[in-house]
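The structure appears below as structure tokens.
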Amino acid sequence: MQRGQHLLALTTDHQHILRGPAADEASARLTDFHHRTGFAGSVVTDPHRLRRVLARHDPEVYPGTYVTCVFNPDKALCRPRAAPDGHRAVPAPSECRPVECHNVALTADNTTALAGHADLLDHRLQTRPTPPTLLHADLVRNRRAR
Ligand code: SF4
């Protein structure tokens, strides 16, 4: 339900202009989703209808802090897992590779969050004394992914 409301906001709120490799696909899916809900704007006037449309015509767009995942399991660089209903795969955001994955679309908020996280990692990598080897390697790997 919360994701459905967020998706409606993405289709109607002009602050959420998407960029990135999957931006066009996201726009197409979200426009289709918005038409199917039949709502004039982003205000949900019928939560049951939104649930039904989401269950039948899920655009498989997953808004997140760092990326907006426009999910296509064939292109996913994370390891998609089965949805709670067992019928379809869903992305694994904890394994997201935002710099490499072609399923990535970015809102302005995503870009800001990614840049902030990269700054944080840079700061930790410059801290002296250097962190223990495994932690340092993990930070470097994480920084490359951002
Ligand atoms: S790697 Fe990230 S963007 Fe790509 S499918 Fe997985 S969660 Fe989505």
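The values are calculated or read from the model by the stated rules, or taken from the named source; none is laboratory data. Because the structure is predicted, anything quoted here is derived from the model rather than measured. Cβ placement follows ideal geometry from the backbone for every residue including glycine, while neighbour counts extend to all protein chains displayed.
Can you tell which of Leu125, Leu114 is of a type in the set (A, V, I, L, M, F, W, C), more than 16 Å from the ligand (Cβ to nearest atom) and not assigned by TED's automatic domain parsing to the domain that holds Leu54? Even if it seems obvious, please write down each step before you answer.
On the way: Leu114 fails: more than 16 Å from the ligand (Cβ to nearest atom).
Among Leu125, Leu114, only Leu125 is of a type in the set (A, V, I, L, M, F, W, C), more than 16 Å from the ligand (Cβ to nearest atom) and not assigned by TED's automatic domain parsing to the domain that holds Leu54.
For every residue, the table says whether it meets (1) free of Cβ contacts under 8 Å to residues at least 40 places away in the same chain; (2) among the hydroxyl-bearing types (Ser, Thr, Tyr); (3) not in a helix (DSSP H, G or I).
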| position | (1), (2), (3) |
| --- | --- |
| Pro21 | no, no, yes |
| Ser27 | yes, yes, no |
| His35 | yes, no, no |
| Phe39 | yes, no, yes |
| Leu50 | no, no, no |
| Val53 | no, no, no |
| Leu77 | yes, no, yes |
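Does Pro84 satisfy the criteria of being more than 10 Å from the ligand (Cβ to nearest atom), part of a loop (DSSP other than H, G, I, E, B) and at pLDDT below 85?
For Pro84, the condition - more than 10 Å from the ligand (Cβ to nearest atom), part of a loop (DSSP other than H, G, I, E, B) and at pLDDT below 85 - is met.
Looking at the stretch 114-146, which of the residues that are basic (Lys, Arg) and in a helix (DSSP H, G or I) is farthest from Pro63 (Cα to Cα)? Can you show your working first?
Initially, the stretch 114-146 is screened for residues basic (Lys, Arg), giving 124, 128, 141, 143-144, 146.
Next cut, in a helix (DSSP H, G or I) only: 124, 141, 143-144.
Numbers: Arg124: 27, Arg141: 24, Arg143: 22, Arg144: 22 Å.
Only one residue tops the list, namely Arg124.
Suppose we filter Thr111, Thr65, Thr31, Thr45 for residues that are of a type outside the set (A, V, I, L, M, F, W, C) and either in a strand (DSSP E or B) or at pLDDT below 85 (or both); which single one remains? Before the answer, list the steps.
Values: Thr111 fails: either in a strand (DSSP E or B) or at pLDDT below 85 (or both); Thr65 fails: either in a strand (DSSP E or B) or at pLDDT below 85 (or both); Thr31 fails: either in a strand (DSSP E or B) or at pLDDT below 85 (or both).
The unique qualifying residue is Thr45.
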